[in-house]
1. Set the Förster radius R0 to 22 Å, insert the Cβ-Cβ distance between Arg35 and Asn123 as r into 1/(1 + (r/R0)^6), and round the FRET efficiency to 0.05.
2. I'd like the projected area of region 77-138, averaged over all directions, using the convex hull of its alpha carbons. Report it in nm² with one decimal.
3. Please give the length that would be gained between His92 and Ala136 if that part of the chain were fully extended, namely 0.36 nm times their separation in residues minus their C-alpha to C-alpha distance (nm, one decimal).
4. Roll a 1.4 angstrom probe over the protein heavy atoms and tell me the percent of accessible area of the chain that is carbon or sulfur.
5. Once all Cα-Cα distances of region 37-83 are split into 10 Å bins that start at 0, what whole-number percent is in each one?
6. How much accessible area per residue does region 18-138 have, counting only protein heavy atoms and a probe of 1.4 Å, in square angstrom?
7. For the chain, report the % of Cα-Cα distances exceeding 24 Å.
8. Starting from 0.36 nm per residue, how many nanometres of slack lie between Arg60 and Trp78 once their C-alpha separation is accounted for?
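The values are calculated or read from the model by the stated rules, or taken from the named source; none is laboratory data. Every value quoted in this text rests on a predicted model; they were computed, and no experiment measured them. Here the Cβ positions follow ideal geometry from the backbone for every residue, glycine too, while neighbour counts run over all protein chains shown. Remember, those area values only see protein heavy atoms, side chains included, never the ligands or the DNA or RNA. Shrake-Rupley method; radii C 1.70, N 1.55, O 1.52, S 1.80 Å.
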Amino acid sequence: MSEKASVDGIFACGPENTAYARYFVGQSYLNVLSREGVFIANVTFEPGCRNNWHVHNATRGGGQILLCTAGHGWYQEWNKPAQALRPGDVVHIAAGVKHWHGAASHSWFSHLAVEVPGENASNEWLEPVSAADYAALG
């Protein structure tokens, strides 16, 4: 079994995430699981892959929930220390919070990304996580 296949867990990895590639450092894969009522996607990151800093904006409600399913990853909010993520971890991200998430440098990582419904919800993509800051995570 390939390393990629071993991280898929119960949800398929999906195709290369070309639609959002410009907001990631490294290769990610996206498998949209639901667009009805609540948007849910399985996002898989190759080792070292992470998304840019970003904010889930909404005038009411909104935000995101990450349900970690495989591998080892990281989540960090602006001006706070990064936290390690493992299968079974759940991260609640309130609307308006600048953050990033992705794989550890040595591991594949997958999570379900659940978009919390909100009014006037949108994503604001920002700068990449600096290579030095990411490398300091180990």
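1. Given R0 = 22 Å and the Cβ-Cβ separation, E is 0.90.
2. The number I arrive at for region 77-138 is 5.0 nm².
3. 13.4 nm
4. Details: 3740 of 6950 Å².
Solvent-exposed carbon and sulfur of the chain make up 54 percent of the total.
5. With a bin width of 10 Å, the distribution comes to 18, 52, 28, 2.
6. Per residue, region 18-138 has an accessible area of 48 Å².
7. 23
8. Numbers: separation 18, 0.36 × 18 = 6.48 nm, distance 2.12 nm.
In short, 4.4 nm is gained.
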